[in-house]
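**Student:** Here it is, the structure, as structure tokens.
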Amino acid sequence: MNPLAKELNETLAGSAMFELLSPYGRRFYFPKGIITQAAEAKQHAHRFDATVGLAVKDGQPLHLEEIASHFSGLSPGELFSYAPTPGDPRLRERWRDEMLRKTPTLAGKAISQPLVVPGLTAGISILADLFFDTGDEVVIPDMFWGNYRLIFEGRKQSTVKRFSFYYSDAFNLDAMEQAVRESAADGRTPEGNSKAAIVLNFPNNPTGYSPTVSEAAEICRRLTAIASEGVRLLVICDDAYFGLFYEQDTYRQSLFAELADAHPNLLAIKVDGATKEDFVWGFRLGFVTFGCAGADAGKYQALEKKLGGAVRAAVSNSSRPAQSLLLKALETPTYPDEKQAAFELLRERYRAVRRVLEQHALPRGVRVLPFNSGYFMTFELESGGAENLRRKILHERGIGTISIEDRYLRVAFAGVDLQHIEELYSEIFAAIHEVC
């Protein structure tokens, strides 16, 4: 094992943060190679910098004007230079500030500095490398984003342990707890302790559901109770659609806020990003933040270096122009107002969907799954046939939807302008009545 990895492991030794690491995670580190030496040169090379493979002209990155001409307000360095592997330091600090503003329960809690990854998919995938090995279990609700299957089962050859998302019209707390406890009964760290891992995605894709205030409190209480019994528990909060909460009784923060200091045996990880929060889908910018009760700055820095090494090994670094543009936006006085306007636009579409659903009766065996947030809502066809319904809606009515496991039809109302919502759902309801 590399001496740098050993040093990081010694820093983390004795903690759940270390025990939860996969063999990959234990052997990973951030190298003191080109990246570290180049960073040192930026501070001390006052004459010439001949470290990084980046061509310069008159002190600025060499570039093509044809490309630069399509950007305004960014210098060549902000556009064309490499970004640090962990991300632009100013952006990381600014994103942390925004996280604290949007999640006030985090105030005063010791958490890591957010580290930039090239999108939430990459963030979850790299975390899977660091914390999952062949045969490990990950607990996920049965209503989940399909890419989890590729990441955990395809890439890592881990096992997805599913539990029923809903109990009646509420989040299924008992099923969640039972699944985590069953997983902990089978899982063991190399040190011999019980372990379990769960991914919670709110607002949920595909259902568009987020827990109520009371459900969120109970989720955190039950997970903390499991950790207090000696289970090393990893909780990944996939906050891809964070902030898009449309009802007053919905929990409007990230569960990470409650779990970040819940118990020393519980490592909470927040994966979020600008993709949906700031409506820049093609930027591919995500952030990863760690929280664990009792962890000090040294332990967080050790985890950040392991994550940074994994990023370095996979993609080197995230997009510099995307980071520069996001940072400019975050520092612009009109940013909060623009985000609020975008939120209001989506909330109006949500309300329009609610109104249309109230006006239509569904045939027996078809129901609307509870939803209160995010981009989506989903129909459940109890006897199946969702794929046939999707194809009928597409080929006979020219409307695209998504079928899932031939039982669910997901509708992304966020992708349809307000004035077309009623027409969209009228066509869907007509097709449902024809098929069901």
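**Student:** Just want the ordering: 42, 161, from fewest to most Cβ atoms lying within 10 Å of their own Cβ.
**Tutor:** In order of increasing Cβ crowding within 10 Å: 42, 161.
**Student:** Starting from the coordinates of the alpha-carbon atoms of the stretch 312-383, obtain the Kirkwood hydrodynamic radius over all distinct pairs and give the value in Å to one decimal.
**Tutor:** So the Kirkwood estimate lands at 16.2 Å.
**Student:** Which value in nm describes the separation of the simple spin-label points at residue 422 and residue 100, placed 7 Å from the Cα toward the beta carbon?
**Tutor:** 4.8
**Student:** Can you check how the C-alpha radius of gyration of the chain compares to 2.2 N^0.38 Å, as a plain ratio?
**Tutor:** It is 1.04.
**Student:** With a cut-off of 8 Å between alpha carbons and a minimum separation of six or more residues, what is the relative contact order of the stretch 332-403 in percent?
**Tutor:** Computed value for the stretch 332-403: 16 percent relative contact order.
**Student:** Moving to a separate point now. Output the relative contact order of the chain, whole-number percent, from Cα pairs under 8 angstrom with separation of 6+ residues.
**Tutor:** 18 percent.
**Student:** So, one more: From Cα coordinates alone, what are the radius of gyration and Dmax values for the stretch 186-263 in angstrom?
**Tutor:** Taking only Cα atoms of the stretch 186-263, I get Rg and Dmax of 13.8, 45 Å.
**Student:** Could you list which residues have their amide H under 5 Å from that of residue 232, counting only those 5 or more apart in sequence or on another chain, with H placed in the peptide plane?
**Tutor:** 194, 195, 196
**Student:** Residue-wise, which Karplus ³J(HN,Hα) couplings in Hz belong to the stretch 172-184, taking 6.51 cos²θ - 1.76 cosθ + 1.60, θ = phi - 60°, and x for glycine or proline?
**Tutor:** So the Karplus estimates, Gly and Pro as x, are 7, 5, 5, 5, 4, 4, 4, 5, 5, 5, 5, 5, 5 Hz.
**Student:** Calculate the translational D of the stretch 104-250 in whole µm² s⁻¹ from Stokes-Einstein, where the hydrodynamic radius comes from the Kirkwood formula applied to all Cα pairs, the temperature is 20 °C and the viscosity 1.002 mPa s.
**Tutor:** In µm²/s, the coefficient is 133.
**Student:** Then there's this: Go ahead and run the numbers for FRET between residue 2 and residue 185, Cβ-Cβ distance against an R0 of 30 Å, rounding to 0.05.
**Tutor:** Between residue 2 and residue 185 the formula returns 0.30.
**Student:** Now for a different question. Find how many whole Å separate the alpha carbon centroid of the stretch 54-72 from the alpha carbon centroid of the stretch 269-290.
**Tutor:** After rounding, the separation between the Cα centres reads 27 Å.
**Student:** Another question, if that's okay. Could you tell me which residue out of 219, 283, 235 lies farthest along the dipole of the stretch 182-326 toward its positive end? Charges go on the beta carbon: Lys and Arg +1, Asp and Glu -1, centred on the Cα centre.
**Tutor:** Sorting the options by dipole projection puts first 283.
**Student:** If I take R0 = 30 Å and measure r between the Cβ atoms of residue 316 and residue 412 in this structure, what FRET efficiency does the formula 1/(1 + (r/R0)^6) give, to the nearest 0.05?
**Tutor:** The pair residue 316/residue 412 has a calculated efficiency of 0.40.
**Student:** Once the principal axes of the Cα atoms of the stretch 120-163 are found, what is the range along each, listed largest first in whole angstroms?
**Tutor:** Principal axes ranked by extent give 24, 23, 14 Å for the Cα atoms.
**Student:** Something else about it: Where the eigenvalues come from the Cα gyration tensor of the stretch 348-436, what are the semi-axes √(5λ) of the equivalent ellipsoid, largest first, in whole Å?
**Tutor:** 19, 14, 13
**Student:** Using a/c under 1.5 as the rounded threshold, could you call the stretch 247-301 rounded, prolate or oblate? The axes a ≥ b ≥ c are square roots of the C-alpha gyration tensor eigenvalues, and prolate needs a/b larger than b/c, oblate otherwise.
**Tutor:** Oblate shape, in that a/c is at least 1.5 and b/c is the bigger or equal ratio.
**Student:** Simple spin-label model, 7 Å along Cα-to-Cβ: residue 358 to residue 134 in nm?
**Tutor:** 5.6
**Student:** Once you've got the Cα coordinates, tell me which of 6/102; 195/305; 305/339 are over 25 Å apart.
**Tutor:** Those over the limit are 6/102; 305/339.
**Student:** Let me ask something additional. Using 7 Å Cα-to-Cβ label points, what is the residue 56/residue 248 separation (nm, one decimal)?
**Tutor:** 5.9
Just so you know, all these numbers are worked out from the coordinates, no wet-lab data involved. In this text, all values refer to a predicted model and were calculated from it rather than measured experimentally. Note that each Cβ is placed from the backbone with ideal geometry, even for glycine, and that neighbours are counted across all protein chains shown.
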